[in-house]
Every structure is written in structure tokens, then in C-alpha cells.
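First the structure, in the form of C-alpha cells, and then the observations on it.
The values are calculated or read from the model by the stated rules, or taken from the named source; none is laboratory data. Given the structure is predicted, the values throughout are model-derived calculations rather than measurements. Methodologically, a virtual Cβ is constructed for each residue, glycine included, from the backbone with ideal geometry; neighbour enumeration extends over all protein chains shown. Surface accessibility is based on the protein's heavy atoms, side chains included, excluding ligands, DNA and RNA. Shrake-Rupley method; radii C 1.70, N 1.55, O 1.52, S 1.80 Å.
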Amino acid sequence: MTAGTANPVLRVAPATPAEAAAHFRASLAFHADVSDVAAALATDGDPGFVVLDSRSTEAWDQGHVPGAVHLPTALIPEQAAELLDRTVPVVTYCWGPGCNGATRAALALAELGYRVKEMLGGFEYWAREGFEFETWRGRERRAPDPLTAPREGGDCGC
């Protein structure tokens, strides 16, 4: 690399620490981690939010978070008021990181006045981390993927 030529990472300078802190604080207001959602759902009592699966019925039948509400994104405008309490925050999810269905569902809900977060990793990481899920056959659990599974106590070690 010649003098004065920035590498691809630094071609655009990093944000100031204050800008970075504001950005990442805001990001946490919009996103929830799979292991944090699982830990909150595992406690006795009301976790303070409802989980919403925005995928198709076929995907829902293959597996979903226990206790989740099934509401495909396209049906949110017509059915959200029937299925969700506007005073309770909603955590949306879809298949996984390669799918923006949870983001589209979160947008649709926010536009209807719901407080909403997106569960990062979606159902893929829920299953990969070894959390129990429901299918049309009943409850199942897969062995945790050692590359993604949280450590003892639900902490990802991050």
C-alpha cells in the first residue's frame, strides 16, 4: 500500500467514540439476542414482551419458538390488533440472518403503533443454540452448535 492510501477498513474513518456509543445504544433499542430472549422466556412469570413469528405457515409448522404468536408479515395490518396488545412490546423473528422478514414485520408493527424489537439470528439461531422449539409433531431440541451456543447460564460470552 502506498503512503496516503487507506486500506479498505479505514477508507472511511471510524466514528468518534461519542457517535459510536450513540449508534450502538440505539441498535440495542431495536435488537434482541436469541439467548437473551430465551433467558427472559425461561424465567417464571411474564417476560414483559410477546414473541412474534412472521414466517409462513409451512415454516411455522417446521419449528417455532414455544409460546410465539404466528402472524405472517403480510397479515399484520389486518390481524395485529386481534392478536397483540398494543401496550406489550413485541419481539419479531423470521428464519435467520439471511432473511429480512423480521425487519419487515417490525416495521409493519411500528407503523401500527407497537413497540418492537427484532430477534437477531431468528429461528435458525434459536435452534442452533439448542433451545427447545415446537413443531407440528410436538416439542424438539437439537444439540447446541458449539460455534453459536451460549455458555452455561445463557451468556454467549460476548
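Flag: A20 does not match the condition of being among the hydrophobic types (A, V, I, L, M, F, W, C), touching a residue at least 24 places away in the same chain (Cβ under 8 Å) and surrounded by 11 or more Cβ atoms within 10 Å (Cβ to Cβ). A102 - would you say it is out of contact with any helix residue (DSSP H, G or I) (no Cβ under 7 Å at 6 or more places or on another chain), of a type in the set (A, V, I, L, M) and either open to solvent by 50 Å² or more (accessible area, probe 1.4 Å) or under 26 Å from R142 (Cβ atoms) (or both)? Judged against the criteria, A102 is not a match.
Quick check on my filter: what residues within the range 107-122 are under 15 Å from D33 (Cα atoms) and among the hydrophobic types (A, V, I, L, M, F, W, C)? Outline the logic, then answer.
Looking only at the range 107-122, we keep the residues that are under 15 Å from D33 (Cα atoms), and these are 116-122.
Correct list: V116, M119, L120.
Would you confirm whether any residue within the range 75-84 is assigned to a helix (DSSP H, G or I) and touching a helix residue (DSSP H, G or I) at 6+ places or on another chain (Cβ under 6 Å)? Before you say what the answer is, go through the steps one by one.
We begin by selecting, within the range 75-84, every residue assigned to a helix (DSSP H, G or I); these are 75-83.
Filter once more, so that each one left must be touching a helix residue (DSSP H, G or I) at 6+ places or on another chain (Cβ under 6 Å): 76.
Yes, the range 75-84 has at least one match.
For A127, the requirement of being open to solvent by less than 70 Å² (accessible area, probe 1.4 Å), in contact (Cβ under 8 Å) with a residue 40 or more places away in the chain, among the small types (G, A, S) and within 18 Å of V34 (Cβ to Cβ) is met.
Listed residues V90, V65; which is out of contact with any Lys or Arg (no Cβ under 9 Å at 6 or more places or on another chain) and surrounded by 20 or more Cβ atoms within 10 Å (Cβ to Cβ)? Answer to the check: V65. Annotation for the range 1-16: no member residue is assigned to a helix (DSSP H, G or I) and either among the aromatic types (F, W, Y) or open to solvent by 50 Å² or more (accessible area, probe 1.4 Å) (or both). Does D36 satisfy the condition of being closer than 27 Å to G138 by Cα, over 15 Å from the mean Cα position of the chain (by Cα) and either open to solvent by 70 Å² or more (accessible area, probe 1.4 Å) or touching a residue at least 40 places away in the same chain (Cβ under 8 Å) (or both)? Spelling it out, it is not the case that D36 is closer than 27 Å to G138 by Cα, over 15 Å from the mean Cα position of the chain (by Cα) and either open to solvent by 70 Å² or more (accessible area, probe 1.4 Å) or touching a residue at least 40 places away in the same chain (Cβ under 8 Å) (or both).
Would it be correct to say that L52 is more than 22 Å from R137 (Cβ to Cβ), without any contact (Cβ under 8 Å) to a residue 24 or more places away in the chain and either touching a helix residue (DSSP H, G or I) at 6+ places or on another chain (Cβ under 9 Å) or hydrophobic (A, V, I, L, M, F, W, C) (or both)?
On the way: more than 22 Å from R137 (Cβ to Cβ): yes; without any contact (Cβ under 8 Å) to a residue 24 or more places away in the chain: no; either touching a helix residue (DSSP H, G or I) at 6+ places or on another chain (Cβ under 9 Å) or hydrophobic (A, V, I, L, M, F, W, C) (or both): yes.
Spelling it out, it is not the case that L52 is more than 22 Å from R137 (Cβ to Cβ), without any contact (Cβ under 8 Å) to a residue 24 or more places away in the chain and either touching a helix residue (DSSP H, G or I) at 6+ places or on another chain (Cβ under 9 Å) or hydrophobic (A, V, I, L, M, F, W, C) (or both).
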